[in-house]
Amino acid sequence: SHKYSKIYIKQAVDECITHPCYWLRGICPTTSTAVSSDDMPCSRLISMVGNVPNKGCWSSGTYYGDGSGGTFSSYPTLRRCGVGLCMLDLEGTLVFGISYKLPGEIQTVPRSEISALATLVEQVCEGSHITYIGDNLPVIEMYNKGYHRCSTAADFDLFKIIFSMSKTKTLHL
């Protein structure tokens with residue numbers, strides 16, 4: 001054995017019966033791969049860039065939203081999604097932006113994409129005219145099919161916020 005690995009011989013002998021996957025190869029038990037629920041925020045903890053208006057005071061305009069599945073997006077048990085939302089001026093310069101970790105246990109890219117739009121409708125002023133640019137075509141197409149169609153979606157809780165706030169605030173989205 002290699003001189004650097006000799007320090008692990010006793011530990012390997014002691015643990016090969018209780019944790020053979022670590023020493024003799026194999027699949028790790030879920031208790032060793034589960035991600036702590038402490039890593040899952042319960043609410044949006046927003047990071048801001050630029051001069052972000054107060055909640056409910058965002059003006060009419062064009063907004064861009066995106067969601068990401070992170071480094072381990074191909075592994076559902078490890079996936080942690082993020083959300084970004086920003087406003088650009090007519091020249092394409094950032095006016096302001098926000099980002100946050102997607103709250104909750106359900107961590108999917110479509111959910112993070114829908115969350116961006118839900119956050120936007122919560123933030124804008126009543127009667128705002130909003131152009132929303134998102135890069136997840138299935139999410140945009142689902143929204144464009146209307147409330148009834150979205151009511152069958154897995155992420156209806158977020159679509160419900162979008163439709164409800166749009167109606168309450170008389171938004172033009």
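The values are calculated or read from the model by the stated rules, or taken from the named source; none is laboratory data. Here the structure is a predicted model, which means the values were calculated and not measured. Glycine gets a Cβ as well: all are built from the backbone with ideal geometry, and neighbour counts include every protein chain shown. To get the accessible areas, we keep the full protein, side chains included, count just its heavy atoms, and leave off ligands, DNA and RNA. Shrake-Rupley method; radii C 1.70, N 1.55, O 1.52, S 1.80 Å.
Side notes on the structure shown:
- For region 162-173, 3J(HN,Hα) computed residue by residue from phi via the Karplus equation (6.51, -1.76, 1.60; θ = phi - 60°) reads 4, 5, 5, 5, 4, 6, 4, 8, 6, 7, 10, 10 Hz, glycine and proline entered as x.
- Between Thr18 and Thr62, the contour length at 0.36 nm per residue exceeds the Cα-Cα span by 10.1 nm.
- Cα-based shape type of the chain, given that a ≥ b ≥ c are square roots of the gyration tensor eigenvalues and the cut on a/c is 1.5: prolate
- Surface analysis of the chain yields an accessible area of 64 Å² per residue, using protein heavy atoms and a 1.4 Å probe.
- Whole-Hz Karplus values for region 69-81 come out as x, x, 4, 9, 4, 7, 10, x, 6, 9, 4, 10, 9 Hz, taken residue by residue from phi with 6.51 cos²θ - 1.76 cosθ + 1.60 and θ = phi - 60°; glycine and proline positions read x.
- With the simple model of a label 7 Å out from the Cα in the direction of the Cβ, Lys10 to Ile27 spans 3.4 nm.
- Solvent exposure, largest accessible area first (probe 1.4 Å, DNA, RNA and ligands not counted), of Lys160, Lys145: Lys145, Lys160
- Gyration tensor verdict on region 72-173 (Cα atoms; rounded if a/c is under 1.5, prolate if a/b is larger than b/c, oblate otherwise): oblate
- Coupling constants for region 131-147 follow from the phi torsions by the Karplus curve (6.51 cos²θ - 1.76 cosθ + 1.60, θ = phi - 60°), and in residue order they are 10, 10, 10, x, 9, 9, 4, x, 5, 5, 5, 4, 4, 5, 7, x, 4 Hz; glycine and proline get x.
- Those lysines that a straight Cα-Cα span of less than 30 Å connects to Lys167, excepting residues fewer than 8 apart in one chain: Lys55, Lys101, Lys145
- Among the GluC sites (Glu not before Pro) within region 37-124, those in coil by DSSP and having at most 10 neighbouring Cβ atoms inside 10 Å are Glu91, Glu105.
- Shown is the FRET efficiency for Thr152 and Ser73, computed with R0 = 25 Å from the Cβ-Cβ distance and rounded to the nearest 0.05: 0.50.
- Under the shape rule built on the C-alpha gyration tensor, where the axes satisfy a ≥ b ≥ c, region 127-173 is oblate, since a/c reaches at least 1.5 while a/b does not exceed b/c.
- As a calculated quantity, the FRET efficiency between Thr168 and Glu91 at R0 = 30 Å, using C-beta atoms, amounts to about 0.35.
- For the chain: relative contact order, % (alpha-carbon pairs under 8 angstrom, 6 or more apart): 21
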